[in-house]
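Structure record follows, encoded as structure tokens.
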Amino acid sequence: MNDTQAPHPAAPATWPGDQPPPAHSLAAHVLRPPGLRWSGGRPLVARLLGADTQAAAAAPGARTVVVRQDFAGVVADSAEQAAQAAKALCARWAPPPAPDPAPVPRRTLARHGNAAAAFEQAQTRQSRRYRWPLAGMQPDSATCTAIADWRDGTLRVWLPSTRPGALRAELAALLDIDERQVTLLCWQSAHDGADTALLAHHAAADAALLAQAAQACVRRTLSAADAGLADATLDWRIDSAHSGAALHAYAATLGGTRAPAVPLALWLTRTAAPVADVAEFDEFAETIDSGNACAPSTALLPYRIPHIEIHAAGTDASAAGTRSADGRGDSLANARARVFAQESHFDEIAVGARVDPVSLRLDHLDDARGAALIREVAQRAGWSSEPPPVRATGGGGNVRRGRGFAYAHAVEDEAAPSWSAWVAEVEIDGTTGELAVTRVTVGHDSEAAAPGPTSATSPPMEQLAAQTAQQLTAPPPAFDTWAASGAPWTPAASALQAPATAALPATRTRAPDIRMAGALASRPTLAAGAAATLPAAAAVANAIFDATGVRLREPPFSADRLRLALAAQAAGKARRRRGWLAAGAAAAASLCATVLPWRAPLAPVAPPEPGFYSAATLERGRLVAAAGDCAVCHTAPGGPKNAGGLALETPFGTVYSTNITPDAETGIGTWSFAAFERAMREGVHRDGHRLYPAFPYTAFAKISDADLQALYAYLMSAEPVRATAPRTELAFPFQLRPLLAGWNLLFHRNAPFRPDAARSPLWNRGAYLAEGLGHCSACHSPRNALGAEKGGRHYLSGGSAEGWEAPALTALSRAPVPWTEEALFTYLRGGYAAHHGAAAGPMAPVVEELTQLPASDVQAIAHYIASFAAPPPAPERIDALAAQAERRSAQAAASLSGPAARLYQSACAVCHQSGQGMRQFGVKPSLALNTNLHADRPDNVIQVLLQGMPAPPDSALGAMPSYADSLDDGQVADLARYLRARFAPDKPAWQDVDATVARLRAAPAHRP
Amino acid sequence: MNTPRPLTLDVNHAEHTLCVAPDTPLLYILRNDLACNGPKYGCGLGQCGACTVLVDGLAARACVLPVKAVLGRAVTTLEGLGTPQRPDPVQQAFIDEQAAQCGYCLNGMIMTAKALLADNPAPSEDEIREALRFNLCRCGTHVEIVRAVQRAALLQRRNEAGAQP
């Protein structure tokens, strides 16, 4: 064990009261690099290119300006002045670096028995994913403050941490002084509400650096967003197998963003971190791996299960979960995330097995002290009796009540174990999703001898429990929520500020009724330890499920989230209730309707009034439209958005997209929702004529009702554009639209998307987006002679679109390096994957639309698509394959020469020869790894040569010029043949390259 | 959409708002609208390097880069390096070594060298040759250019050492 874990011997133990921070301190403002976030324990820091330090130093009130590598900070008399001075810096930043696409390795934290084998034999297996916001429930408003005082060559730092661990060494390294010159003092600002373990060391390092530069006492207040952690989440994926009420196997994997252990200021100034955390973790992992039983893992999983496996992504100590190696930890956030995932999962198992969740836990618990606490809490909460009595409320008829149980066992400060159990009771308004935690029964037992040194400022247990319960149900920040940095701290404002609880939404001021149980319950108020609230989130989530049947796997449990989940659940139930007979009848009815060659026109309606739809609906509609790529096809080159007129080449002739803005005459302004829905699901125009399946209603039929309504709202609320698209005139017999009735009968199934219960929610979300809105298969599946997508084994096996080849997304992919889920995500998110190339042609605008979606949805699509590919090889194997392809191409290059080689040298090498020349703005995509050069047909390579890539989805990728006007057909063909021979030497030469060049040059381009 | 619209560019630490088509090559805007004639029009295909500018400190070929790609990024042209009175160390080195004949390629040579030295303050001769590999010069002043870059590295290091307290 490394000595940084214990307090440094030379460190004087100091406690609040000993030395309060000086009354007067200067305010600090530190610039946050744009796009700051953390990946694999390291920040993605944009390079600071320049800053006007003179202007900042001249700003009113400014005392000191520090610019060191990528760190830029200002010290001023007040926070307001510091912010103004920082603005005067006019910092210029390079674009933030992209995360390393290499997959993160996984470490085993605990293993017992053989979980993999148990899962294979298991009959009932559950796989679930839980997410926990690393920065807590209100990451934007909660702040953390540290004060640093530099005087006579010594540094004193006041910060809210009792176990500063490695921080002294880090501050000493940062300031280039001896560790003995650093004194850390425990103190917490009354205005702070953030998780101190997550932010205190970042605040302290900023304060220290600026205090030394200013030779003064400096106060630094930061929020999770300032440290790039506002959106970070911890993800637990849990698999379990059980038969009846007996659990056989349990496997859990921790992923997501790890709380950074090394202060941001060290990264920004590029100071080497003096303390390596890895060694400690290795030791920890080994004790478990050596197989000496469950003992160390009770902190990771308190239950007795024959087969256990617990992993964490990443290799460093901060991923270790319950272990707080140096007290800095993410330990508390990690413990909360772990308990939330584990206890939610146990509740899901109990529901699946139809057993009482409390007895399920007791059945798997060896720990007598924990079992006693659970029994006491259950008894005090009246758990064994009937459901809680119905109380009269003013909430109307749709109030649902439920209760949930959760248990936690953790190792607290000084390795003292603690036990806690919660029963939460909730009331939910089934219409609005409003949620109130009405009563909480808390039990807590701990071996920690005396209340910790922070108890003086800690709220009593009852208050803490109430606060925790309320925070869990607060809504997540809305788009118009301002970050804490927007309101600079001033003494006047702080005097008026009410305690943190008053900041909660007014609608949820009803505090729950708190009842205490457990070994410490006899005290009037418990000394609140954070461990006592560990089970809170799971208990509330389980109560919500008990009340509504809706499972929320990510806090906070806001009214918005709950309302959406309730609506989705209601839609699902309505379909199930119909029964097979009714469903058969409905199918028959829709079948009849589909065959009718003519459909009745639906009456025109007046467009909805402006402001008719709520902002939430319109926002949802915007995302639906982005996922559906409406604008990609319904916008003509250079034309107004969604006004139609784009020419789509099909084997049957040119189809022009229509105007879908709400213009009454030329657009869809008079379409009722019924007409819109019929068009989207059945391919019938409002006036009754049939739409060609170039409009992918075959896919859109799968869109959920709620999404379709939101899309309608969004489209109808857009600005109407008067624009008549050219008429689509196909050759005989395709101009006979009624024939499409027969086509639909053969090829169209009008059925909404049904999730596959055997698959994970992530997969189902991806399937919904990819099969329905995203209509991936419209381009990436082959079509038959009648232009219908082929399904089954042909699904996503490659197709074509607008003169481009849409490559196979399945195991048939020709990519020299197999696509992985991570590579797909990177590609779909940013338009470029290092081992594959960039999104060009019609895929570029698709990626551009996808940028509007949340990352989780793009992740879901990647996850779903990856499930069709062959299992991905190990990361080392992927690197080896890439290296092999590069080597092969280098060998081939040596044997090639002639005019085409010179053409390549002059036209392509400057940007594509990654090993040569200068680093440039944009990427240098490797051609040896490019999927298109390994494809069976040269179409995409020729298309890119002719059209270039004038508008990659992310401008940081650079751009590729068009060679249509500088190379003639013969040169393009020669170059294409050369590229094939050089970069895909193992593939046969392409056929008909000259004819393809001539054909593609003649075809109109999607975008100019 | 390639219809002209107001775009704000950051060129040589100053903001310029111009009504231009977003797909226009950056070089045209720099030369025609902002009168920055340091970057030269050579081949117009990103091949000769005469048009090189710095985008966020990285070398970029302005003739093939659409102007929309540099929105929100800092563009530096030859004019942004130094003035005749106070030339940048790289410019000074090229003057000292008289590393030009016709001088058309010089903008690209200087800007690429500037980007190289930001990445690698002390490049070897091979590294200099490799970095300038795709900058074409028809007059054959390559030997002087390599010497100029070596001198620039020296000057820059000396300046930095002098600037520190």
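Restricting the first member to segment A:38-54 and to residues that are within 14 Å of chain B (Cβ to nearest Cβ) and among the aliphatic types (A, V, I, L, M), and the second to residues that are in a helix (DSSP H, G or I) and surrounded by fewer than 19 Cβ atoms within 10 Å (Cβ to Cβ), no beta-carbon pair is closer than 7 Å while six or more apart or on different chains.
Return yes or no: is A:ILE238 in a strand (DSSP E or B) and either modelled with pLDDT of 90 or more or charged (D, E, K, R) (or both)? Steps first, please.
Values: in a strand (DSSP E or B): yes; either modelled with pLDDT of 90 or more or charged (D, E, K, R) (or both): yes.
Here the answer is yes, as A:ILE238 does meet what is asked.
Scanning segment A:889-943 for residues that are within 25 Å of A:ASP992 (Cα to Cα), within 14 Å of another protein chain (Cβ to nearest Cβ) and either of a type in the set (A, V, I, L, M) or touching a strand residue (DSSP E or B) at 6+ places or on another chain (Cβ under 6 Å) (or both) gives A:LEU903, A:ALA907.
Working only within segment A:973-995, note down all residues that are away from every other protein chain (no Cβ under 14 Å), assigned to a helix (DSSP H, G or I) and either in contact (Cβ under 8 Å) with a residue 12 or more places away in the chain or not aliphatic (A, V, I, L, M) (or both). Spell out the reasoning first.
Quick first cut of segment A:973-995, residues away from every other protein chain (no Cβ under 14 Å) only: A:973-974, A:976-995.
Filter once more, so that each one left must be assigned to a helix (DSSP H, G or I): A:973-974, A:976-983, A:993-995.
The answer is A:ALA973, A:ASP974, A:ALA976, A:ARG977, A:TYR978, A:LEU979, A:ARG980, A:ALA981, A:ARG982, A:PHE983, A:VAL993, A:ASP994.
Residues in segment B:3-32 that are more than 23 Å from B:LYS114 (Cβ to Cβ) and either of a type in the set (A, V, I, L, M, F, W, C) or more than 9 Å from chain A (Cβ to nearest Cβ) (or both): B:PRO4, B:ARG5, B:PRO6, B:LEU7, B:THR8, B:THR17, B:LEU18, B:CYS19, B:VAL20, B:ALA21, B:THR24, B:ASN32. Note on segment A:946-962: residues that are within 12 Å of another protein chain (Cβ to nearest Cβ) and either in a loop (DSSP other than H, G, I, E, B) or within 17 Å of A:ASP994 (Cβ to Cβ) (or both) amount to 10.
Select, from A:GLY153, A:GLY113, the only residue that is in contact (Cβ under 8 Å) with a residue 60 or more places away in the chain and surrounded by fewer than 21 Cβ atoms within 10 Å (Cβ to Cβ).
Working: A:GLY153 fails: in contact (Cβ under 8 Å) with a residue 60 or more places away in the chain.
One residue alone meets the criteria, A:GLY113.
Within segment A:747-769, does at least one residue satisfy the condition of being small (Gly, Ala, Ser) and modelled with pLDDT of 80 or more?
Step one: of segment A:747-769, the residues small (Gly, Ala, Ser) are A:751, A:757-758, A:760, A:766-767.
Adding the requirement that they be modelled with pLDDT of 80 or more leaves A:766-767.
Yes - at least one qualifying residue is present in segment A:747-769.
Hey, does segment A:81-90 have a residue that's touching a residue at least 24 places away in the same chain (Cβ under 8 Å), within 14 Å of another protein chain (Cβ to nearest Cβ) and in a strand (DSSP E or B)? Scanning segment A:81-90 turns up no residue that is touching a residue at least 24 places away in the same chain (Cβ under 8 Å), within 14 Å of another protein chain (Cβ to nearest Cβ) and in a strand (DSSP E or B).
Would you say A:PHE673 is on the phi < 0 side of the Ramachandran plot and either surrounded by fewer than 20 Cβ atoms within 10 Å (Cβ to Cβ) or assigned by TED's automatic domain parsing to the domain that holds A:ALA570 (or both)? So that I can check it myself, show each step before the final result.
Values: on the phi < 0 side of the Ramachandran plot: yes; either surrounded by fewer than 20 Cβ atoms within 10 Å (Cβ to Cβ) or assigned by TED's automatic domain parsing to the domain that holds A:ALA570 (or both): yes.
Considered against the rule, which asks whether it is on the phi < 0 side of the Ramachandran plot and either surrounded by fewer than 20 Cβ atoms within 10 Å (Cβ to Cβ) or assigned by TED's automatic domain parsing to the domain that holds A:ALA570 (or both), A:PHE673 comes out as yes.
Once segment A:55-80 is narrowed to residues that are surrounded by fewer than 18 Cβ atoms within 10 Å (Cβ to Cβ), among the charged types (D, E, K, R) and outside any loop (DSSP other than H, G, I, E, B), the residue that is nearest to the other protein chains (Cβ to nearest Cβ) is A:ARG68.
Could you please let me know if A:HIS794 is modelled with pLDDT of 85 or more and at negative phi? Answer is no for this residue. Might you let me know whether segment B:41-60 holds any residue that is acidic (Asp, Glu) and surrounded by fewer than 21 Cβ atoms within 10 Å (Cβ to Cβ)? Taking every residue of segment B:41-60 in turn, none turns out to be acidic (Asp, Glu) and surrounded by fewer than 21 Cβ atoms within 10 Å (Cβ to Cβ). When A:LEU185 is tested against (1) crowded, with 22+ Cβ neighbours inside 10 Å; (2) in contact (Cβ under 8 Å) with a residue 40 or more places away in the chain; (3) closer than 25 Å to A:VAL75 by Cβ, only condition (1) is not met.
Which ranges mark the helices (runs of 4 or more DSSP H) fully within segment B:35-138 that have 3 or more residues being over 22 Å from B:THR8 (Cβ atoms) and within 14 Å of another protein chain (Cβ to nearest Cβ)? Talk me through it step by step, then tell me what you get.
Values: elements: B:89-96, B:106-119, B:125-131.
Because the criterion is at least 3 residues that are over 22 Å from B:THR8 (Cβ atoms) and within 14 Å of another protein chain (Cβ to nearest Cβ), the helices (runs of 4 or more DSSP H) in segment B:35-138 that meet it are B:106-119, B:125-131.
Hey, any hits in segment A:863-875 for a residue that's under 23 Å from A:HIS912 (Cα atoms) and in a helix (DSSP H, G or I)? Taking every residue of segment A:863-875 in turn, none turns out to be under 23 Å from A:HIS912 (Cα atoms) and in a helix (DSSP H, G or I).
Name the residue, out of A:THR650, A:THR654, that is at pLDDT 75 or above, among the hydroxyl-bearing types (Ser, Thr, Tyr) and surrounded by fewer than 17 Cβ atoms within 10 Å (Cβ to Cβ).
Working: A:THR650 fails: surrounded by fewer than 17 Cβ atoms within 10 Å (Cβ to Cβ).
It is A:THR654.
When we screen A:ALA785, A:ALA706, A:ALA741, A:ALA731 for residues that are small (Gly, Ala, Ser), assigned to a loop (DSSP other than H, G, I, E, B), at pLDDT below 85 and not assigned by TED's automatic domain parsing to the domain that holds A:SER856, the only hit is A:ALA731.
Every listed requirement among (1) within 22 Å of A:LEU175 (Cβ to Cβ); (2) aromatic (Phe, Trp, Tyr); (3) modelled with pLDDT under 90 is met by A:PHE71 save one, (3).
The values are calculated or read from the model by the stated rules, or taken from the named source; none is laboratory data. Please read all numbers here as calculations on a predicted model, not as lab measurements. Note: ideal-geometry Cβ built from the backbone for every residue, glycine included; neighbour counts use all protein chains shown.
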